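Read through the structure below, which is laid out as structure tokens, and then see the notes.
Just so it is clear, none of the values below were taken in a lab; they were calculated from the coordinates. Since the model is a prediction, treat every value here as computed from it, not as a measurement. All Cβ positions, even for glycine, are placed from backbone atoms using ideal geometry, and neighbour counts span all protein chains on display.
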2 protein chains.
Amino acid sequence: MHTYWSKLARNLVPYVPGEQPQDKKYIKLNTNENPYPPSPKVIEAIKAAANDYLKLYPDPQGQELRAEIAEYYGLAQNKVFVGNGSDEILAFAFMAFFDPGRPILFPDITYSFYPVYAGLCNLDYETLRLNQDFSLPVKQFCRQNGGIIFPNPNAPTGKAITLKEIEEILSNNRENVVIIDEAYIDFGAESAVKLINQYPNLLVVQTLSKSRSLAGLRVGWALGEDNLIKALDTVKNSINSYTLDRLALAGAQQAIKDEEYFQKVRKKIITTREKTSRELLKLGFTVIPSQANFVFVSHPAVPAEHIFQRLKEQGVLVRYFKQPRIDNFLRVSIGTDQDMETFLQVIEAIVRQG
Amino acid sequence: MHTYWSKLARNLVPYVPGEQPQDKKYIKLNTNENPYPPSPKVIEAIKAAANDYLKLYPDPQGQELRAEIAEYYGLAQNKVFVGNGSDEILAFAFMAFFDPGRPILFPDITYSFYPVYAGLCNLDYETLRLNQDFSLPVKQFCRQNGGIIFPNPNAPTGKAITLKEIEEILSNNRENVVIIDEAYIDFGAESAVKLINQYPNLLVVQTLSKSRSLAGLRVGWALGEDNLIKALDTVKNSINSYTLDRLALAGAQQAIKDEEYFQKVRKKIITTREKTSRELLKLGFTVIPSQANFVFVSHPAVPAEHIFQRLKEQGVLVRYFKQPRIDNFLRVSIGTDQDMETFLQVIEAIVRQG
């Protein structure tokens, strides 16, 4: 068993993404994908980039995309890093900023890729217990540490913290890098991007996968001081010079440019989320107030695992995490209004039957 | 300087890809790209995949692409790993198979990314001095080691070793993983793929970038025993679940399928390489016999660095490596017949002027 594997590989416990079953057509509310298609301009740009130039390497730095993102956020271009989805960027950031022997901090209930990255980099970590209402224990982040990472809004809870709370964490942690994983930021929370010029230790990571309907294109970015961006480039260029292909670069630029489409889609999802939350409350669910494109819910009478299984049998996929404190909760991605109506009908019948 | 950087990041010396200057239009013979466009079927498949499904994550395992490659090579599907170009796969392989404290072996003149990966994984390495004629010192690879990697054909020399020599290395190294980097295999050397079923420690890495004209799409694969593939998957899934976007997956499948186009292009390049080699010999150049899509050449009277600069001034980019033993050589990628005619005219004038 595991002959030829390195010590590192033997000790890795990889991340397991949400299931993508092919056995039948599901209403897919399990991986926080956007139910709406990407901007038609993105599709057009990709088709235009599907040309003979695919024989040539892409720009290894993706400078045009960096420029587009920099302009969008009003930052200098050297404050932008681009990569193959925010997961890859987070892996690079763990390598670039955290050291073994100096424990990093993240919440006990959060994105389950963080402990995987820690394993990859042989890092120690301490998890901070979320408050009873699943809010982030802001003051706890002010203890000594070797770095901090948390999503805002948090996953799978959907709860966000305010910019003031973020500043409290940043101003008490000037020695170490603080990574804010803003995968879900566009659904209602306030981005920490505007703090970058004040805090040279702040790295904000975002993605096209959720709010811009491009999970299938694999593009994310990190924003922070030039010095942090250089470290990410150093790690990237020690692994793979060209992480973004020509099609992803072309599509991503258009996704940033088409602000009107982006605003329309994200607002639509927020509206559907609020409606879905209200309906779930009527059915007796506890609904954690969400600022993401999903809701985190629990029923006082019917166990979450039971609901999860019954939903799946009836063609609706949601996410269930069998882990302490949240094993009676379901994470439900926000689909179209029609998706959510079907979901609500099915879940209503399930909780009625008990 | 380097505040906030991890110890790892401070010590990294990243790879520097060949330049991609934008100041004017060059005849680009510096990054071993294919001068011919990808198969029209690839372009078509990408355009078809540029659709609303980009909102959904790609298959994290790329099973359909793995199946296509497995069928092409007559291997079981669990002997195929796919990734974002062979560079990324090599980085994963260094993490998956090599351990600090057990020096790995590679040639002293070879792909300059290998020492970078070693730095990334904190590995010791020993370089084996190529023979005077730049052939691989096969017997030297039979000394004790923690793993072996070499390209076949080697880069930047273009020299290949035979399957019999590969077997000599493999049969003397049953304890450690032997990685054969076959980025240039389709231009004349014999692939070690047929040895996979005999040697559970053999990993063969290939790419779409060169022979299938898709440097801009970022797709490579590794072939080896199930056990080795599982280790690569474990590393990948600890960094990024989805390294290949939907467009790359769709295009890559067609690139493997279109055997007729592939054969036509690779044969054309071999013919042009042979013709170019003959012409360079006539001009007095030493030309290392190449089985790749480039030639490695030296002039007895005119220094390589001088030729490199003069070529660039006249719109022809080639690659010059300022390092011991090869600092009087140029690596020239094989372009179209027309590219090579222009190149030969320009270089002839340069060496005549001295």
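Listed values, structure above:
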| quantity | calculated |
| --- | --- |
| Reachable aspartates and glutamates from B:Lys275, criterion Cα separation under 13 angstrom, eight or more residues apart if same chain | B:Asp337, B:Asp339, B:Glu341 |
| Lys, Arg +1 and Asp, Glu -1 on Cβ, resulting dipole of chain B about Cα centre, debye, nearest 20 | 600 |
| Neighbour-count ranking [beta-carbon atoms within 10 angstrom, fewest first] of B:Val287, B:Val204 | B:Val287, B:Val204 |
| Spin-label pair B:Lys312/A:Asp124, simplified geometry with 7 Å Cα→Cβ offset, distance in nm | 4.9 |
| Cα-based convex hull volume of segment B:61-114 per residue, rounded to whole Å³ | 119 |
| Neighbour-count ranking [beta-carbon atoms within 10 angstrom, fewest first] of B:Leu29, B:Leu281 | B:Leu281, B:Leu29 |
| ³J(HN,Hα), Karplus 6.51/-1.76/1.60, whole Hz, each residue of segment A:131-137, x for Gly, Pro | 4, 4, 8, 6, 7, 6, x |
| Rg/Rh (Cα only; Kirkwood hydrodynamic radius) as it applies to the protein assembly as shown | 0.99 |
| Reach of B:Lys47 by Cα under 17 Å, taken over aspartates and glutamates that are not fewer than 8 positions away in the same chain | A:Glu44, A:Asp52, A:Asp245, B:Asp245, B:Asp258 |
| Top positive-direction residue, dipole computed over segment B:40-178 with Cβ charges, set B:Thr162, B:Ala48, B:Gly147 | B:Thr162 |
| Residues whose placed amide H lies under 5 Å from that of A:Tyr125, excluding near-sequence neighbours | A:Ile104 |
| Gain in span if fully extended, A:Gln132 to A:Lys7, counting 0.36 nm per residue against the direct Cα distance | 41.2 nm |
| Averaged over A:9-22, number of beta-carbon atoms from partner chains that fall within 10 Å | 5 |
| Unit charges at the beta carbon, dipole of segment B:40-259: most positive-side option, B:Ile256, B:Ala76, B:Tyr199 | B:Ile256 |
| Which of A:Pro107, A:Leu232, A:Ser211, positive extreme of dipole for segment A:40-257 (C-beta unit charges) | A:Ser211 |
| Values of log10 I(q)/I(0), in the order q = 0.08, 0.10, 0.14 Å⁻¹, for chain A under a Debye, Cα-only, solvent-free model | -0.40, -0.64, -1.24 |
| Expected 222 nm ellipticity per residue - DSSP helices of 4 or more, -39500 (n - 2.57), all of the protein assembly as shown, to 500 | -11000 deg cm²/dmol |
| Charge dipole magnitude, Cβ of K and R +1, D and E -1 - the protein assembly as shown, Cα centre, debye nearest 20 | 100 |
| Values of log10 I(q)/I(0), in the order q = 0.16, 0.19 Å⁻¹, for segment B:234-354 under a Debye, Cα-only, solvent-free model | -0.80, -0.95 |
| Fluctuation leader among B:Gly251, B:Gly101, B:Gly147 - chain B, Gaussian network, Cα springs under 10 angstrom | B:Gly101 |
| Above-threshold pairs, the threshold being 21 Å between Cα atoms, out of A:Lys210/A:Lys264; B:Lys139/B:Lys267; B:Lys25/B:Lys257; A:Lys159/A:Lys230; A:Lys159/A:Lys236; A:Lys28/A:Lys257 | B:Lys139/B:Lys267; B:Lys25/B:Lys257; A:Lys159/A:Lys230; A:Lys159/A:Lys236; A:Lys28/A:Lys257 |
| Counting all C-alpha pairs of segment A:108-267, share separated by more than 29 Å (%) | 20 |
| Phi-based couplings in Hz for segment B:332-340 (Karplus 6.51, -1.76, 1.60; Gly and Pro marked x) | 10, 5, 7, x, 6, 4, 5, 3, 6 |
| Length-normalised contact order for chain A - Cα pairs under 8 Å, 6+ apart - percent | 23 |
| Inter-copy label distances at B:Asn172 (7 Å, Cα→Cβ; nm, one decimal) | 6.2 |
| Least to most buried among A:Arg310, A:Arg66, A:Arg174 (fewest other Cβ within 10 Å first) | A:Arg174, A:Arg310, A:Arg66 |
